[in-house]
Structure formats: C-alpha cells, structure tokens
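Q: Dropping a structure here in structure tokens format, bear with me for questions.
The values are calculated or read from the model by the stated rules, or taken from the named source; none is laboratory data. Note that the structure is predicted; figures quoted are calculated from it, not measured. Don't worry about glycine lacking a Cβ; one is built from the backbone with ideal geometry, like all the others, and counts go over all protein chains shown. Each accessible area value is taken on the protein alone, full model and side chains, heavy atoms only, with ligands, DNA and RNA left out. Shrake-Rupley method; radii C 1.70, N 1.55, O 1.52, S 1.80 Å.
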Amino acid sequence: MCGVVSIIYEKDNKNIGNEASFLLKKLEYRGYDSTGASFITDVGDIVLLKKVGAPSVVTEELEIGKRCAKKFIGQVRWATYGSVTDENAQPHEVNCLAHIVGAHNGNISNTDTLKEFLDENGHQVVSDNDGEMLVHLIEHYYAQILATKKNSSPENKVKYFKEAIKLAEIKAIGSYAACVSSPDIPGIFAIKSGSSLYAGKGKDANGDFIVVSSDLTSVLSKTRFLIPLSEGEALYFTHDDYSVFSVNSDKEHKPGLKRSRLNIQDIALQPRYSYYMEQEIHSSSSNLDIIIKYYLAEKEEEKIHEIFENNYKTSRSLLYDLVKLYDVFDQNELKKVFINIINNSDFTSIFEQVNNSKSELLNNSKSTGFTSEETSLLTELLGFGEEYFMKLFVLDLMIIWKKKRTILNYKNQIVDIFKKAKEKGTRVYIVASGTSYHAALTAAVFFNNIQGLSVIVANPGMFRSFYLASIKEKDILIGVSQSGETKDLVDIFIDVKNRYSKIKLLSVVNNENSTIPQEKSDFYLPILCGSEIAVAATKSFVSQIALFKLLALSMSYSDEEIKNKMGKIKHFMDFTLKNITEDITEVVLKLFLKPSIHILGTSLIGLAKEGALKIREVVLNHTEGYDSAEFKHGPNTILGKNTIYSFSDLEKLHTNLFSYFDTIYSQKLNSKQMKDFISLMKSFKFSDYGEQILSGNFENASERKIYQKAYSDYVENINIDDYFSNYPLVFICPPDERDKRITISQIHTHKIRGADIILIAEEDEDLRKAIEGKPTGQENYFNKYVRIPKTGDKFIFVFQATLALQLLALNMSITKRKYLNKNKVEEHGVHPDVPKNVSKSITVD
C-alpha cells in the first residue's frame, strides 16, 4: 500500500513546500520505500523531486519545504511493482505526447501488457512502476483527444482530460487512487478506483485550498470539511471549486461539503507519548469503559432512556435534524438552525421531562461532559454560548441512547444465538485474519471455559480448506475485522452466502461504515475503539477480546455483575502498566538483538501467537507463538547449538578478532599500519564481514599478506563453541494449577537443553524455583520473572499479559531502532508505528 496526496492554492505559494512536507510525513506509515513531490507553478513549470527513503528523511534531503508553487502532488511508496529505486519512485512526469505529472496508490495488474502498449505507441517508459503506466495511459488518450479538437481552451482541456481518465480506466486493470495534472490545466484531478481517497476544502494563512489524500488523517490535519467521493468517481478541483464525475459514465455533480465527525485531535499523537503504538497501548484500558457504556444497561440511564423511548419518533427526528448540521458551514446559519432545534416544542418537552427526572447523570453533567460519537459537533455548538450546555448535554444523552439501543438489540440477539448453539449443538465459526484471528482464538478460551460453548476458529484459508464444504444452514459464522474491509474475509462471506443462503452471517468490526458490516452481515457488533494509527494492532486486539469476554459472560451473568467484572479487568490493566516497566526493560535489553524467539502460552495459544506477531511486526526479529506443551514436538530442536547468530555475536567476533590481531601482529607492523588497521576495523559493515579484510585496499602486497595471514590464522583458531548462545523462550502462564504444572515441566525440560527462560506470570513460589534454578553445565543461563500483579483470575490475566507482550514488542522496537541507527544501518525498517513491508489504512470516520 502507498499513499497519494495533493493540495492546490489560488496562486504560487511560498509555503506550499512546507505544506507538502507536512502532508507527506502524515502518510509515512502507508509507505516509506520512497518519497516524491511534484510542484506546478502559475506559469506551468514543473519541479519533480523524488528519492528512495521515508518522507521524514527525503523531505529534508531534497529540501522539499523550500519549494514555491500553486499545485502539489506527492506520493509515499510501499513497493509492489518495480524494485525500490529512484526511477520507480513516484510521482512520474511524462512528456512524450503531452506534459503530465501524476502519482497513484494501489496496483495496476496488467502493467506488463500496458508497458508493451505504451512502447508500441511512442511512449518512453523509464521505470517498472505501475504508476508510470497509469500516467502515460492518461497522457496517451489526452494527447489523442487534443489532436482531434480545434478548441483547446482551458475549459475544454479539462473536459478532454476527463475523457482521457475514463479511457484510461477502461484500459487499466486493478484498484487504485491517483492524482494527476498538467501545466496547461488550472486544477488537479483525483481518481478513486478501488482504493481509499479523501478530499477536503478549507482555508488557512495561505488562502483557500482543496486537499486530497489516500488517508483521512492528512485531510483532517488541514480541514474538517470533506468533499464526498464514492467508489468509481473522480474529482476535478481548483483552490475554491470542484466537481465530481463518474469514471464509468457521463454522470457529473457537485456534492455538498460534509463536516467530519472526527477532529485531528482525535487521532493526534499526545505530547506525553513518542509513538502511536505507545499511546494506543496505554489507551486500551479506557476503551473498556466505552464497551461497558454501550453494551451494558445502566440504572442511572433508565429514567432518561425511558423518556426517549416514549418519544421515539420525535427523538429520532431531532437527532436527524442535528446530524444535518454537519452540512451547514456558515457559522451564522449554523447557529440559526441549532437554535431552531433546541427551541422546537418537541425538544422543549423532552428536555423538561429529562430535567424533571432528577437523574444522577444530570448532576454529573459538568464533570462528564459530552461523551457521544457526536462530541466534536456538540463542542462546536457549545462555542455559541455556555448557556446552551444543558440542552446540548441532553442531546448528547439522546445520541448515546439511539446507538446503545441498537447495540443492545444486536448483543441480545447474538447472546440468544450462543445459548441456542450450546443447547442444540449448533456449530459456531469465527473467521478472521492476523491479530483478529488471534483475538478469535482467545475468544474460544472464554466461551469454552466460562460457558462450555465450543467455538471453531479459523483464518479464511483454513476455513475454505477445512469447513466451507461441510457447514450447515443452521450453523453460525462470525467474521472479525478491525477495518471491516479484509478482502479474504469478504470473499469468505460471499462464498458462504452463495452456497448457504439461510446461514446467519455476523461480524465484529471497528469501522462500522465498511463493507463487511454494511453489505455482507445480517448484523454486526462494533468494538468502539476509535482510530488505530500504528500499523501493529494493539488497542483493537484488547477491545476485541474484551467484547468477546463480555459476550461470554452475558450468557449467564447480569449486567451489573458483568460491569463489576469488566471494571476489575480495567483496574488491573492500568495497575499492570504502572508496575511492570522495570521487568520489561530488563527483558528488552536481553532480547532486542536476538534473531529468533519463541513465545509459549500455556492454554493461551492465541495470546502467544499475538505476542509473537507484535515482535515480528515492529522488531523484525523472527518470533513464533506456540502452545507451551507443543514446543517439545519438534521446535525444541532449535535449543542448544544452532546456527542462529545475532548482531551481538558478530560484535563479539569483531572484538575478538581485533584483540587477536593486536596481540599477535602488533610487533610486525609500524604505527601507520596499525592506525590503518584500526581504521579498517572501525569501518566494517556486518553485511560483508571478513571479505573487507581479504579484499581491502593496501599500500603494497606485503601489507595485504600480513592482514590476510592474521585473518586466516584467527579463523583457523576460532572455537565455534564461543559463539553459541542460549535460545530465548518466553512463557505465559495463567494462574491455574494445571497450567502451572505444565509450565514448570516445560521450563525444566527446555532450560537443560540450552534455553534462556523469561516467564510472564503472577508471583508463585513453585514457578520462581523452576525458573531460577541454574542447570548444570549451563553457565550462561539467563532467566527473568516478569511478575504480573496478582488477581488469581486467569481471564483477567489474559488482559494483563497482553499488555506485557505489547510493551515488550514496543520497547524492543525502540531499542533496536536506536541501535541500528547508531550503527548507521540504512533502511532497516524497524519502527514501532511504521515497520517495513506492512501497512494499514485508517478507515474509521
């Protein structure tokens, strides 16, 4: 996945370079293989700057911030078609038949065929990148149309360009979003053809502008007023005007602006955190409050909700009028319409009833403030005067009531489904990918142990292979997806519905406005955790397993009992975050350079796999998650002597070689030769270790022989045993007697064979003795007990251990990143928020 971004002002703007740099950096988590920026001035000059590297680096190196222009089109690349080179970086400027510049995000699957077509038609294709094929294709048809037309006014050229885009859309096969322009056209074109694209209109110190981006975050960083853009549509825009046209038909219109429900503050990095992953880990416990709020009935809400229910149609109508305020942009008009709503006799009646209810919610209104999903709008309306606070607060309660009644309805339906499945033996399948799959595995633990309900968990590939042909109409299928757009899961839903038309398809999602909940599910349950910026999922995993825990409890516990249990989980999550930092830090320093690790979960395979995935994603160390007892069935062969070496081992080799040379050969070299050798040693790169000695530059043959003889002698005398190190195993043991016995057995089995042991568990004397005893002959044995605050509850422990593993991955990533940067290792891709080779789009609005 890549990212495109564009902005236009009325005229040349000396600050557009800074705006471009800012917008490109906002997209860094979508792509960092290369970065590019194109600028078009008022007089039609194009400046193209692009280079391999992340936006945070390239924008400085190419001094993008110093550019002055009217139009900007930029791109950050995550390489798919074409290797990571400057030539394959985007945007692409072409001028074979017409002068055009553009960039895209997505994949053009018939790139090879298009390249042949373009070569045959006189285009000079200079890269292997599919983005260049798309830009050339638009150029090709634009030039063809121009050649047949006599009237080439700017207005007509815009019309011709639209036709060229439509023809290119027919020729190109794939999914993409793109921004393109030409020096002889006043505005810019943006195309949404299968990939995300957002547009917004605003005004800043530089004047009116329109901004377009693959990602909502960068648009919201400039404006909250969005231009609606649907799939298969394109946008032509200048600094203050726009039109939307279909790429597949002659339809064209100008939709009204929409005010986004999200503020940039909702998705900004808070000052006390350095990384989004860190912020999202620490905010995950507060998301449990939101789940409790919407999924459990509250006594203090009953009176007020009863009033809304008794005035159901009126309440819904009022909320409909309120939401329409998102389409009002003039502040005077906004205030006028708002005053009309709260002065409406229906609202006045409801407001008086709520006031007379003497609800505790009203007494606490000032301290709680607005908490609904329309908080940003209500806060804006409060700007008209504090005297409107209580009426806005009642509207806030009404918004919560409307959403909550829907969620409770669906929750009750799914709980009834689970109860009937348990009673009748109906099979319940949960299908998901990645982190959501691990959450589903953890959910199976909750349902099995709390309710005795068997749940079958599979990723889409497993489900297709193991179950698709054998499921029954009465079975239940639940899909889990943070984005609600997971392609593999969408395909499973389609396959199942085509084969079994009566089967119930349910989903658990974060993005409620996505394909799976809106188009493929009978109904869905939201996890309500808000936007997740870091690529590696953390808070969404916690919210997923929290919701599944709540659903399992709902089969037999009252809402009040569940609230107490969930509140206890939240308390101990916060307590755990405050009390494990020191232990985690010690483990981080031991593991961050280890090339391979196993995380072994006793009865918690989903959690072990998720912890391993987090380390693989953000630390880039190979890590596997296993059931602890399963490790002895083959994977344990990695213990003891193996050929897995780390940077630490290479540093040891480097130091020993230098020491050996200094001791044996210092008498044979003069001071200059020794100085040269020291310089050579300090300049070594791990990637070509040893070869630099054998092929280094030397003043004469005799010097070369001395160096080579030293190296050869050292290699011949190496004791390879000196470079073997113990293999790290991280055990996760919940507070359960049988799990404890299994864990102790596995610790003893593996530490005598060359394992270092890290244990994540509550304090327990038997576990402590098992981990601390040093095996005979294992002088370098390392152990660390990460003590989780004690609850005695194996389900609360799941949430505590989740945080421990997430913090471990986060801090290993930070530490390894600093180490690699210090050693000048380029393009290593280690980053807590934007690790290499993976990406994620924000899809929540």
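Q: Between Ser286 and Glu763, what is the FRET efficiency for a Förster distance of 30 Å, r being their Cβ-Cβ separation, to the nearest 0.05?
A: The value I calculate is 0.65.
Q: Rounded, prolate or oblate: which fits segment 64-208, taking a ≥ b ≥ c as square roots of the Cα gyration tensor eigenvalues, rounded meaning a/c under 1.5, else prolate when a/b beats b/c?
A: It is oblate, given that a/c is not under 1.5 and a/b is not larger than b/c.
Q: Moving on to the next point. With a ≥ b ≥ c the root eigenvalues of the C-alpha gyration tensor of segment 236-333, is it rounded (a/c under 1.5), prolate (a/b larger than b/c) or oblate?
A: Because a/c hits 1.5 or more and a/b fails to exceed b/c, segment 236-333 counts as oblate.
Q: How much length is gained if the chain between Ser152 and Ser357 is pulled fully straight, taking 0.36 nm per residue apart and subtracting their Cα-Cα distance, in nm to one decimal?
A: Working it through step by step, the gained length comes to 66.8 nm.
Q: If a paramagnetic tag sat 7 Å from the Cα of Asn821 along the Cα-Cβ line, which residues of segment 235-276 would have the backbone N under 16 Å from that point?
A: Within reach of a label on Asn821: 273-276.
Q: With respect to the cross-link table entries Lys11/Lys157; Lys403/Lys520; Lys222/Lys822; Lys539/Lys578; Lys358/Lys402, which display a Cα-Cα separation exceeding 23 Å?
A: From the list (Lys11/Lys157; Lys403/Lys520; Lys222/Lys822; Lys539/Lys578; Lys358/Lys402), the Cα-Cα distance tops 23 Å for Lys222/Lys822.
Q: Now, a different point. How do the peptides 167-178, 802-813 rank, highest first, by the average count of neighbouring beta carbon atoms within 10 Å per residue?
A: The densest-packed peptide leads the list: 802-813, 167-178.
Q: I'd like to check one number: the per residue accessible area of segment 72-188, probe 1.4 Å, reported in Å² as a whole number.
A: Ligands and nucleic acids excluded, the result is 38 Å² per residue.
Q: While we're looking at this one, here's another question. Length gain on complete extension for the stretch Val84 to Asn121, per 0.36 nm per residue less the alpha carbon to alpha carbon distance?
A: Once the chain is fully extended between Val84 and Asn121, it gains 10.6 nm.
Q: Going down the table (Lys303/Lys570; Lys504/Lys836; Lys201/Lys818; Lys568/Lys774; Lys549/Lys614), which pairs top 30 Å between alpha carbons?
A: Beyond 30 Å between Cα atoms: Lys504/Lys836; Lys201/Lys818; Lys568/Lys774.
Q: Further question: At 0.36 nm per residue, minus the direct Cα-Cα distance, what do Asp184 and His253 gain on full extension? Give it in nm, one decimal, please.
A: Between Asp184 and His253, full extension yields 22.5 nm more.
Q: Okay, moving on. Return the long-range amide H neighbours of Asp12 (sequence gap of 5 or more, or a different chain), with a cut-off of under 5 Å between placed amide H atoms.
A: Asp42
Q: Order the peptides 142-148, 391-397, 608-614, 68-74 from the highest to the lowest mean number of other Cβ atoms within 10 Å of their residues.
A: Ranked by mean Cβ neighbours within 10 Å, highest first: 608-614, 68-74, 391-397, 142-148.
Q: According to the square roots a ≥ b ≥ c of the eigenvalues of the Cα gyration tensor, what is the shape class of segment 734-845, taking rounded for a/c under 1.5, prolate for a/b larger than b/c otherwise, and oblate for the remainder?
A: Oblate.
Q: Hey, which of these cross-link pairs are over 27 Å Cα-Cα: Lys419/Lys632; Lys115/Lys251; Lys474/Lys794; Lys51/Lys192?
A: Lys419/Lys632; Lys115/Lys251; Lys474/Lys794
Q: Can you give the Rg/Rh ratio of segment 247-396, where Rg is from the C-alpha atoms and Rh is the Kirkwood radius?
A: Over the Cα atoms of segment 247-396, Rg/Rh equals 1.03.
Q: With labels modelled as points extended 7 Å from the Cα through the Cβ direction, what inter-label distance (nm, one decimal) is found for Ser345 paired with His622?
A: Reported label-point gap for Ser345 and His622 is 7.7 nm.
Q: Given 4 °C and 1.567 mPa s, compute D for segment 483-621 with the Stokes-Einstein relation, Rh being the Kirkwood radius over Cα pairs; round to the nearest whole µm²/s.
A: The diffusion coefficient I find is 72 µm²/s.
Q: OK, next. Rolling a 1.4 angstrom probe over the protein heavy atoms, how many square angstrom per residue are accessible across segment 366-419?
A: Computed with neighbouring chains in place, this is 40 Å² per residue.
Q: Determine, for each peptide in 187-195, 830-838, 369-377, the mean count of other beta carbons within 10 angstrom over its residues, then list the peptides with the highest first.
A: The packing order, highest mean first, is 187-195, 830-838, 369-377.
Q: So, with a 1.4 angstrom probe, what is the percent of accessible area on the chain that is carbon and sulfur?
A: Carbon with sulfur: 47 percent of the solvent-accessible area.
Q: Using C-alpha positions alone, give me the convex hull volume of the chain per residue in cubic angstrom.
A: 208 Å³
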